[in-house]
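Notes for the one structure printed next.
No value in this document is a laboratory result; all are computed from the given coordinates. Since this is a predicted model, take the numbers as computed values, not measurements. Ideal geometry is used to build each Cβ from the backbone, glycine not excepted, and the neighbour counts take in all protein chains shown.
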Amino acid sequence: MGRRIGYWLSLIASVGVLAYMSWNLFFSDHGYFVYRAESQQLQLLRDEVAKLEKQREQLSTEILRLRNDPDAMEELIHRELGYVYSDEFMIVVPKNRRPAGKK
């Protein structure tokens, strides 16, 4: 009879330990679900880093072009500052233009 009680106690303890370990495997602070969420966040950050590196490369190329090419500087002045020569005309069109006849 004593062996039978010991068997059942060890079986219940083993199942309890197994349940506890399984719970921790999935739901603890270092479990599977936290790992997946952090893995997805890491991938998003890697994508953002790649995008920023590409943007940095483009800006670096543009800086070199502006330093070495006077025509590029002139193009930038025209585009960004709205500079026009004395023989050119600038036409300003409002962005939120209503059709004629409507109020």
Problem set entry | Extension gain (nm, one decimal) between I12 and M73, 0.36 nm per residue minus Cα-Cα | 14.0 nm
Exercise. After finding the eigenvalues of the alpha carbon gyration tensor for segment 31-84, what semi-axes result from the square roots of 5 times each, listed largest first in whole Å?
Worked result: 42, 12, 4
Exercise. Assigning unit charges at the beta carbon (Lys, Arg +1; Asp, Glu -1) and nothing else, what dipole magnitude in debye, to the nearest 20, does the chain show about its Cα centre?
Worked result: 1020 debye
Problem set entry | Local electrostatic count, N68, Cβ distance below 14 Å [Lys/Arg +1, Asp/Glu -1] | -3
For this session: Using only the Cα atoms of the chain, build the gyration tensor, take square roots of its eigenvalues as a ≥ b ≥ c, and label the shape rounded, prolate or oblate: rounded if a/c is under 1.5, else prolate if a/b is larger than b/c, else oblate.
Result: oblate
Problem set entry | In order through segment 59-67: 3J(HN,Hα) via Karplus (6.51 cos²θ - 1.76 cosθ + 1.60), integer Hz, x for Gly, Pro | 5, 5, 5, 5, 4, 4, 5, 5, 6
